[in-house]
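Structure first, then comments.
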Amino acid sequence: METTTFKGVEITREDILRAMRIFDEELRSDFAHWRTHAIEHEGKLYPPKETLRIAAGRDIGRFWGGESTNRHFRELGFKVVKDAFPLTEMDDEEKTDEILEEAIDTSLLLERDLERILVTDLSQLEPGLQLYKGRGFTGQQIETGEVGRIDILALDTFGNFVVIELKAGEANDRVCGQILRYMGWVKENLAGERKVRGIIVASEFDQNLRLASSVIPDVLLKKYEVSFKFKDVSSSNE
């Protein structure tokens, strides 16, 4: 099987195809514009950096785009195209691109920070909640290979499964289908007779999501808030 190595991670063509499926299902509607290079596959265009980030399957931090990213797709037999997008009229297109990429990176980093804080103590989300460990899984960033990647999988005080989906900023109703797929996968592959429910964590929820979740009894919405603490710093070197 053909592979390419990116930041120490071995990535196959199938990993890229899986990343494209995840992008189509979860992210495409949020990407109105990106840099002029794209990966063309089956009549669709995909942003190279985000596709590679998903395929790597872990927090790989920020990295440069351009040929240093595109070559990984060429090595796996994908077609890289240029000037594929009709750009909207902007005063400074390059600056706008950088702002958008910065926003994407910030959103991803916020989700990972939120995940890191939660897994250290899941009881702050719900009393008695514990990270699932078993069958080769550790309950964090579980790659199902079928329906996407589960942010956090936990067990409640009754031993039932809880799928936790994290969203930086406001979550919309697309996340309902996403978490239901994850719950179905857990039910079929791990839970057996045990119950499976879900928790969506975000800073805000749009009205469509609130309405959709109101008729799904096994999905709960949890809002996070960010607070800052300040203290004086001495100007001396002591």
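Is it the case, given these coordinates, that PHE73 is over 26 Å from ARG112 (Cβ atoms), at pLDDT 75 or above, outside the structural domain of GLY148 (by TED's automatic domain parsing) and of a type in the set (Phe, Trp, Tyr)?
On the way: over 26 Å from ARG112 (Cβ atoms): no; at pLDDT 75 or above: yes; outside the structural domain of GLY148 (by TED's automatic domain parsing): yes; of a type in the set (Phe, Trp, Tyr): yes.
So PHE73 fails the test.
For LEU122, indicate whether it is under 30 Å from ASP156 (Cβ atoms) and modelled with pLDDT of 90 or more.
Working: under 30 Å from ASP156 (Cβ atoms): yes; modelled with pLDDT of 90 or more: yes.
It is true that LEU122 is under 30 Å from ASP156 (Cβ atoms) and modelled with pLDDT of 90 or more.
To keep it simple, each residue is scored yes or no on (1) exposed (fewer than 14 other Cβ atoms within 10 Å of the Cβ); (2) in contact with a strand residue (DSSP E or B) (Cβ under 6 Å, 6 or more places away or on another chain); (3) at pLDDT 90 or above; (4) basic (Lys, Arg).
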site: VAL147; (1), (2), (3), (4): no, no, no, no
site: VAL162; (1), (2), (3), (4): no, yes, yes, no
site: ALA171; (1), (2), (3), (4): no, yes, no, no
site: ALA191; (1), (2), (3), (4): no, yes, yes, no
site: SER203; (1), (2), (3), (4): no, no, no, no
site: PRO217; (1), (2), (3), (4): yes, no, yes, no
site: LEU220; (1), (2), (3), (4): no, yes, yes, no
site: VAL226; (1), (2), (3), (4): yes, no, no, no
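The values are calculated or read from the model by the stated rules, or taken from the named source; none is laboratory data. Bear in mind that the values here come from a model prediction, so they are computed numbers and not experimental data. Reconstructed Cβ throughout: ideal geometry from the backbone, glycine too, with neighbour counts over all protein chains shown.
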